[in-house]
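Here is the structure we will look at.
The values are calculated or read from the model by the stated rules, or taken from the named source; none is laboratory data. Being a predicted model, the structure only gives us computed values, none of them experimental. When we count neighbours, we look across all protein chains shown, and the Cβ atoms used for this are built from the backbone with ideal geometry, even at glycine. Accessible surface areas use protein heavy atoms only, side chains included; no ligands, DNA or RNA. Shrake-Rupley method; radii C 1.70, N 1.55, O 1.52, S 1.80 Å.
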Amino acid sequence: MRGRPDPAGAVVLAGGHTQEAWAAAEFAYAEASARGANLVVLDRTTTWNSRSHHGFADALSVLSEKYPDVTMHRARVRGSLCRALVEASTRAQLVVVGSRNRDRLAGALLGPVSRAALHHADCPVAVIRSKKG
């Protein structure tokens, strides 16, 4: 870890539209609730109108009801989600990303966003695998 977590910062979630992202979102909400922190969901602007985006938005809505004490902010990211996540980590308590379940090889479990978080974030990073797979 290169920096220090900001105790007044948010929990930051790299948004996505896969089963891994939904598991990560549930973990992020639980952590934000336990820490008394806000949740910031970073999401690429190019996916905001896709069908999978609406499914992810529905999942966030369900989690918002489950964790009414968590204030969630969505941040549209233009350009690199990796860069936005690393930048957000400088003001965060925790960064949460999803992990792939396709292969047992470590390199195949991490996508570019989780790799960027692990290698460059300025706060602790939680990599969450989905329950399926």
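For Cys82, Cys123, give me the order by solvent-accessible area with a 1.4 Å probe, most accessible first, ignoring ligands, DNA and RNA. Mind showing how you got there, number by number?
On the way: Cys82 35, Cys123 5 Å².
The most accessible residue leads, giving Cys82, Cys123.
Which distance in nm do the two modelled labels at Arg76 and Arg129 give, with both placed 7 Å along the Cα-to-Cβ direction?
In this crude label model, Arg76 to Arg129 measures out at 3.6 nm.
Which order do Asp43, Asp58 take when ranked by solvent-accessible area (1.4 Å probe, heavy atoms of all protein chains), largest first?
Working: Asp43 5, Asp58 100 Å².
Largest to smallest exposure gives the sequence Asp58, Asp43.
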